[in-house]
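**Q** Below: one structure in structure tokens.
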């Protein structure tokens with residue numbers, strides 16, 4: 001809800017930039033709640049990817065009024081909620097099947113949206129064929145499919161590393177704009193996309209190095 005309303009009030013450029021800050025929110029929340037140690041390489045990867053996202057969207061920023069700032073605040077709050085989801089989702093998913101976990105969170109999320117939709121009951125309209133197809137794709141591919149894959153991945157890495165991959169969202173957004181809308185990509189945006197990929201790869205490189213590090217004799221097994 002926070003993200004949907006925030007995007008409506010703000011701009012797509014602001015939303016892309018704020019989404020790129022979500023890994024930082026997750027990292028800070030892990031430090032505050034779980035006292036998790038963040039290796040320097042992972043921190044550098046998150047900061048690098050966030051800086052790349054800023055390059056992607058900075059030329060597209062638009063000047064807005066008070067509504068835009070309200071939307072930005074809602075997007076930031078949505079980021080804090082998302083960071084909390086990553087931490088709680090990893091804890092709740094321990095020993096649980098990813099399909100079952102996705103099912104329960106989808107049912108709970110749908111119930112929450114049904115209650116929230118009552119606030120807009122006066123604007124309800126019967127969707128046409130195109131809108132129905134888009135809603136089906138949103139529900140099956142983006143929501144159920146996306147979260148199912150995300151839950152599988154979240155079980156195999158720390159939440160801060162997992163959410164770092166979200167920095168690829170602006171890159172896919174630019175690719176979608178080119179393929180679907182026929183937009184032209186500027187050189188700063190292309191450079192920013194490459195920086196984002198580099199930051200994500202840096203964070204994953206730290207994870208792989210940690211996972212393959214040999215166990216010192218006498219430390220026991222996990």
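Nothing in this text is a laboratory measurement; each read-out follows from the coordinates by a stated rule. Keep in mind the model is a prediction, meaning the values are calculated, not measured. FYI the Cβ positions are ideal-geometry reconstructions off the backbone, even for glycines, and counts take in every protein chain you see.
**Q** For the peptides 34-43, 114-123, what is the packing order when you average, over each peptide's residues, the other Cβ atoms within 10 Å and list the highest mean first?
**A** Ranking, from highest mean packing down: 34-43, 114-123.
**Q** Using packing as a proxy for protection, rank 126-133, 73-80, 173-180 so that the peptide with the highest average count of other Cβ atoms within 10 Å comes first. Can you show the working numbers first?
**A** Values: 126-133: 9.2, 73-80: 18.9, 173-180: 13.4.
The most tightly packed comes first, giving 73-80, 173-180, 126-133.
**Q** Would you list 124, 69, 82 from fewest to most Cβ contacts within 10 Å?
**A** 124, 69, 82
**Q** Then there is this: Sorting 195, 144 on the 10 Å Cβ count, fewest up front, what's the list?
**A** 144, 195
**Q** Residues in region 83-104 near a label at residue 114, defined as backbone nitrogen under 18 Å from the 7 Å Cα→Cβ point?
**A** Those under the cut-off are 103-104.
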